[in-house]
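The values are calculated or read from the model by the stated rules, or taken from the named source; none is laboratory data. Just so you know, these numbers come straight off a predicted model, no measurement behind them. A quick note on method: Cβ atoms are made from the backbone with ideal geometry, for glycine too, and the neighbour counts reach across all protein chains shown. Heads up: the accessible areas ignore ligands, DNA and RNA and are worked out on the full protein's heavy atoms, side chains in. Shrake-Rupley method; radii C 1.70, N 1.55, O 1.52, S 1.80 Å.
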Amino acid sequence: MTTLRILLGDQLSDGVSALDGLEPATDIVLMSEVRGECTYVRHHKRKIVLVLSAMRHFADRLRDRGVRVEYVALDDPLNTHSIRGEMLRAVQRFQPQRVVATEAGEWRLLQDMSGWQEASGVPTEIADDTRFLCSHRQFRHWADGRRELRMEFFYREMRRRHGVLMDQDAPAGARWNFDAENRKRMPATKRPPVVPSFEPDARTQAVMALVEREFAGHFGDLAGFDLPVTAEQAILALDHFVNERLAEFGDWQDFMRSGDPVLFHALISTSLNTGLLDPLVACRAAEAAWRQGAAPLNAVEGFVRQILGWREYVRGIYWLRMPDYGKLNALGATRKLPWFYWSGETRMNCMAQVVADTRAHAYAHHIQRLMITGNFALLAGLDPDQVDEWYLIVYADAYEWVEMPNVRGMALFADGGVMASKPYAASGAYINRMSDYCSGCQYDVRTAVGENACPFNFLYWDFIARHQERLGGNPRMAMPVRTLGRMDPQRVATMRAQASAFFDAVDAGAIV
Ligand code: FAD
Ligand code: SF4
């Protein structure tokens, strides 16, 4: 009996459920590079290179195990350029008795998969994606009947369930969360270790040439591409992080520095999200470092919380709330995404730095995404659809299941508080405290009105004033709303007029 097994570009794991029970003698694994997946949003060139190169390397890995792989390259003249089209073409060619796939990570693709059996006329099994540490059913069970779906409580349950950083029934170090210790300002003299670089081999170089040719108009640079594209490289990158950067990950986790988006971060999201790296392996490696005395608990707990907590939680929220989640716009934001999100041409040094990092590396760390580009979008009231699309395009680790809740929920508060208990709105003071951006900026972070006033200051108060009715009812936002109420009304009016003039200038195409 021949089984046709379909593998997608983010399913590159030896243990993926589509390969369960694989019979190398008779089964065929279909892997297809399709234009539809590269262009449904115009992904950063680095992301396309990463996925196609990792797919080609994974196909080699399977062939080395004696598996028959039917690999459809992007420039194959018969390529139909959709996953469904390639599945149907393979069914016609190989006449399998059944089709097996692992559920897609994105809602739109899973919807499509649900019609495969009818379209092909062949029994089709869509298996759960067991590479995640919380299944859809488990998340639904956790969420059922809860008034609030706070990540912290989900995370504790995940720690217990997987026995990570637990001493019997108690959390290691007698505390679940060490976040309060993780907000330090990095001294200018501090030099983070150099991150490992994976030189593109001949396979990756061929993909780079293909992408430069086929997707020339897409955002981003390919120069210096050095991301891990195999499981072996992903493990080397993890080991390097655990040995060299983990111990200080917690301390500097929230700090942002010009020209260095990585600092002490792990740089493993692309490997986790393509399937090259197992999330539990990453958590256990960090825990082992703590148990051996090589890294402190605040760093290790902070790292584990990102993976076992946040990563699984955002996926749970996505599948619990889709497709409606993708339409939420609780704050009624409608403003167009300013051009400087693409060009980086702005006098706001923080925005220019993050866009430059993003263009060059298809990477920015969490606080850059949340508190710079995300914060600006929140304060300015940018349309969530456009912001969502930008984030999905520009990052090499972007897949809708993880990108959308982070953008709509965390950054924009567009879900009205499903994920975050308050909007992550901040003025220039926060950015000045947690970065070196303001010292190199044409604006003055200490002023909120006048020619050189930092836009994050007057936009912040304009945001609080615009939404004061709604925010006043939120205990965590009561303080800024009260402060606004105590301000001189003339000053508030001046800041709001300055915000309005700022938006007029953006709309007129001026460099702001
Ligand atoms: P580290 O900071 O070293 O953290 C380790 C790992 O924890 C990451 O690799 C990631 O897998 C996980 N993690 C940390 N925070 C989160 C989170 N909030 N949600 C999910 N996983 C998390 N992450 C993506 O993988 N894809 C995205 O498209 C994406 N979009 C984002 C958009 C916004 C607006 C924000 C605020 C965050 C987004 N994140 C996204 C989460 C986070 O910023 C990235 O996972 C992280 O920056 C990746 O870099 P790293 O591997 O160096 O992470
Ligand atoms: Fe950003 Fe304002 Fe600081 Fe400039 S002064 S870098 S605009 S926060």
**Prompt:** Under a 1.4 Å probe, what is the accessible area of the chain per residue, stated in Å²?
**Reply:** 41 Å²
**Asked** Between Arg183 and Arg147, what FRET efficiency follows from the Cβ-Cβ distance if R0 is 30 Å, with the result rounded to 0.05?
**Response** 0.55
**Contour minus Cα-Cα distance for His366 and Tyr424 (0.36 nm per residue)** = 19.6 nm
**Request:** With a/c under 1.5 counting as rounded, go ahead and sort the range 74-201 into rounded, prolate or oblate using the C-alpha gyration tensor (a ≥ b ≥ c being the square roots of the eigenvalues; past the cut-off, prolate if a/b is larger than b/c, else oblate).
**Result:** oblate
**Asked** Can you pull the percent of Cα pairs in the range 153-201 with separation above 12 Å?
**Response** 75 percent
**Distance in nm between pseudo-label sites at Ala505 and Arg486 (7 Å out along the Cβ direction from Cα)** = 3.1 nm
**Prompt:** Can you work out ³J(HN,Hα) from phi for every residue in the range 167-181, in order, using Karplus 6.51 cos²θ - 1.76 cosθ + 1.60 and θ = phi - 60°, giving whole Hz and x for Gly and Pro?
**Reply:** 10, 6, 8, 9, x, 4, x, 6, 9, 7, 9, 10, 4, 4, 8
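Using only the Cα atoms of the range 250-317, build the gyration tensor, take square roots of its eigenvalues as a ≥ b ≥ c, and label the shape rounded, prolate or oblate: rounded if a/c is under 1.5, else prolate if a/b is larger than b/c, else oblate.
It is oblate, given that a/c is not under 1.5 and a/b is not larger than b/c.
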**Complete:** For the range 431-505, the percent of all C-alpha pairs falling in each 5 Å bin, from 0 up to the bin holding the max distance, is 3, 16, 23, 22, 18, 13, 4, 0
**Among 297-303, 125-131, 191-197, the order from most to least packed when residues are scored by Cβ within 10 Å on average** = 297-303, 125-131, 191-197
**Fill in**
So Asp201 and Trp342, fully extended at 0.36 nm per residue minus their Cα-Cα distance, gain in nm 47.8 nm
**Radius of gyration and Dmax over the Cα atoms of the range 356-512, both given in Å** = 15.8, 46
**Asked** How much FRET efficiency would the formula 1/(1 + (r/R0)^6) give for Arg140 and Gln168, where r is the Cβ-Cβ distance and R0 is 22 Å, rounded to 0.05?
**Response** 0.20
**Fill in**
With bins of 20 Å, the percent of all Cα-Cα pairs of the chain per bin from 0 is 21, 55, 22, 2
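Once you have the alpha carbon radius of gyration of the range 280-403, what is it after dividing by 2.2 N^0.38 Å, with N set to its residue count? All intermediate terms of the calculation are to be shown ahead of the outcome.
Details: Rg = 17.1 Å, N = 124, 2.2 N^0.38 = 13.7 Å.
Rg over 2.2 N^0.38 Å, computed on Cα atoms: 1.24.
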**Asked** What does the charge count near Leu484 come to, summing +1 for each Lys or Arg and -1 for each Asp or Glu among other residues with Cβ under 14 Å from its Cβ?
**Response** +3
**Rounded, prolate or oblate (a/c below 1.5 giving rounded, otherwise prolate when a/b exceeds b/c) for the range 284-324 by Cα gyration tensor** = prolate
**Request:** Figure the gain on full extension for Asp260 and Arg63 (residue separation times 0.36 nm, minus the Cα-Cα span) and round it to one decimal in nm.
**Result:** 67.0 nm
**Request:** For the chain, with all protein chains present and a 1.4 Å probe, just round the carbon and sulfur fraction of the accessible area to a whole percent.
**Result:** 50 percent
